[in-house]
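What follows is a set of notes on a single structure, which appears directly below.
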Amino acid sequence: MGFSWMPIMLAVILIAITLFVTLRVAVAYPQVRSTRLLMLGISMGMIALTGLADLLSMLVTSVTLHTDWFLYLGQACAYLFILLSLVNNSDQYLSALLRLQIICSLVALCIGLLSPILPDLPNVGLRATLSGSRALLCLGIFYLYTTALLKKPTRFAFLMGTAFLFLGLGYLMIFQKYFFVNSLLVDNIGDSLRIIGLLAMLVGVLGS
């Protein structure tokens, strides 16, 4: 397998893991009825779709697909609502947040569908800002899970904290590709770190 296939292979792995987590949450939700778990499933489903759009942009050459808008905004939206879901345990708060997440996810999907006609991101500065926001959100989620772990140690909190630590580090690594010449290597390292994080999340969800 040539080195040029590495981004495609990593994209397929990322899609498979996030999709599996989404399906696992869909199966578990009717039993546990956890709004927070449902929001996690919606977020992982959104990330799976952004990964699929990114994969299509690499494979489809007949049409120019400007999927970066959907990739960055969709993933940032997904992580933002996971972060917000950990701030408050109120059922009323989580229910309202879930409704807002559904609306924002639909808007993000519309952006994804408009990828063939959207302009490309105008400059590297905006691209780096949108990309870097994902790292900050994931590290914020890591902090909240770590705080919860210190208050009440659980296997789920430990695995989820580990997952978002590696996801945050992965996105932080990817953020650096906008400032280094060998961006493909940095991108692949970042994706590999994200895979480790998603595997930790998968183990956490399977054990919940």
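The values are calculated or read from the model by the stated rules, or taken from the named source; none is laboratory data. Just so it is clear, the model here is predicted, and its values are computed rather than measured. Ideal geometry is used to build each Cβ from the backbone, glycine not excepted, and the neighbour counts take in all protein chains shown. Just the protein is used for accessible areas: all its heavy atoms, side chains included, with ligands, DNA and RNA removed. Shrake-Rupley method; radii C 1.70, N 1.55, O 1.52, S 1.80 Å.
Side notes on the structure shown:
- Correct choice for percent of Cα pairs over 24 Å apart that was computed from the model, options [x] 51; [y] 39; [z] 35: [y]
- Across region 1-123, the relative contact order, built from alpha-carbon pairs under 8 Å that are at least six residues apart, equals 28 percent.
- Accessible surface calculations at 1.4 Å, restricted to protein heavy atoms, place region 9-88 at 44 Å² per residue.
- Relative contact order of region 54-208: 21 percent, from C-alpha pairs under 8 Å at least 6 residues apart in sequence.
- Integer Hz, Karplus 6.51/-1.76/1.60 couplings in order for region 86-93, x for Gly and Pro: 8, 6, 9, 9, 4, 4, 5, 5
- Packing rank of 81-92, 39-50, 24-35, 167-178, where each peptide gets the mean count of other beta carbons within 10 Å, highest leading: 39-50, 167-178, 81-92, 24-35
- Per residue, the solvent-accessible area of region 152-208 (1.4 Å probe, heavy atoms of protein chains only, all protein chains present) comes to 48 Å².
- Helical mean residue ellipticity (222 nm; -39500 (n - 2.57) per DSSP H run of 4+; nearest 500) of the chain: -28000 deg cm²/dmol
- Working note: Karplus 6.51/-1.76/1.60 with θ = phi - 60° gives region 28-40 the couplings 7, 4, x, 8, 9, 6, 9, 4, 5, 5, 4, 5, 4 Hz, where Gly and Pro are set to x.
- Measuring nothing but protein heavy atoms, the accessible surface of region 129-208 at 1.4 Å probe radius is 76 percent carbon and sulfur.
- Whole-percent carbon and sulfur share, accessible surface of region 13-121, 1.4 Å: 70
- Ranked by how many other beta carbons lie within 10 Å on average, peptides 196-204, 98-106 from highest: 196-204, 98-106
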